Amino acid sequence: MSDEDLLGSLTDTGLYSIGAFFADRHPELCDDVIAEAQAIEDEGLAAWAAAQGSELDAALQTLITGLAVRYYKAVAGTSG
């Protein structure tokens with residue numbers, strides 16, 4: 001598989017699409033959602049949700065969105 005083929009396959013995923021959509025619609029929130037996702041990773045999903053007074057499903061959505069934006073930025077090579 002060539003590098004071009006590999007990069008093409010990386011952009012053909014749901015995670016990439018979620019990240020691209022969020023980054024396109026809410027570029028001003030990308031750094032915040034990535035930071036929140038990192039905090040969730042560090043603290044644990046249930047602990048973070050409890051500390052934030054958030055429902056577990058909302059915390060999971062934040063985690064997935066943050067991971068998706070980070071993945072999109074890594075594959076697309078964007079910094080902003």
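Residue check: is Gly19 under 14 Å from the mean Cα position of the chain (by Cα) and under 18 Å from Val75 (Cβ atoms)?
Judged against the criteria, Gly19 is a match.
Condition test on Thr78, is it in a loop (DSSP other than H, G, I, E, B) and surrounded by 12 or more Cβ atoms within 10 Å (Cβ to Cβ)?
When the stated conditions are applied, Thr78 passes them.
Among the listed residues Leu29, Leu6, Leu45, Leu10, which satisfies the condition of being at pLDDT below 95 and surrounded by 12 or more Cβ atoms within 10 Å (Cβ to Cβ)?
When all the criteria are applied, what remains is Leu10.
Within the range 35-75, track down each residue that is of a type in the set (Ser, Thr, Tyr) and in a helix (DSSP H, G or I).
Passing the criteria: Thr62, Thr65, Tyr71, Tyr72.
For Leu29, only one of the following conditions fails: (1) under 12 Å from the mean Cα position of the chain (by Cα); (2) within 30 Å of Asp3 (Cα to Cα); (3) of a type in the set (A, V, I, L, M, F, W, C). What is its number?
(2)
Between a first residue in the range 6-29 that is over 14 Å from Gly66 (Cβ atoms) and a second residue that is surrounded by fewer than 12 Cβ atoms within 10 Å (Cβ to Cβ), which pairs have beta carbons less than 7 Å apart while being 6 or more apart in sequence or on different chains?
The qualifying pairs are Pro27/Gly80.
The values are calculated or read from the model by the stated rules, or taken from the named source; none is laboratory data. Since the structure is predicted, the reported quantities are computational estimates derived from the model, not experimental observations. In this analysis, Cβ positions are derived from the backbone assuming ideal geometry, glycine residues included, and neighbour counts consider all displayed protein chains.
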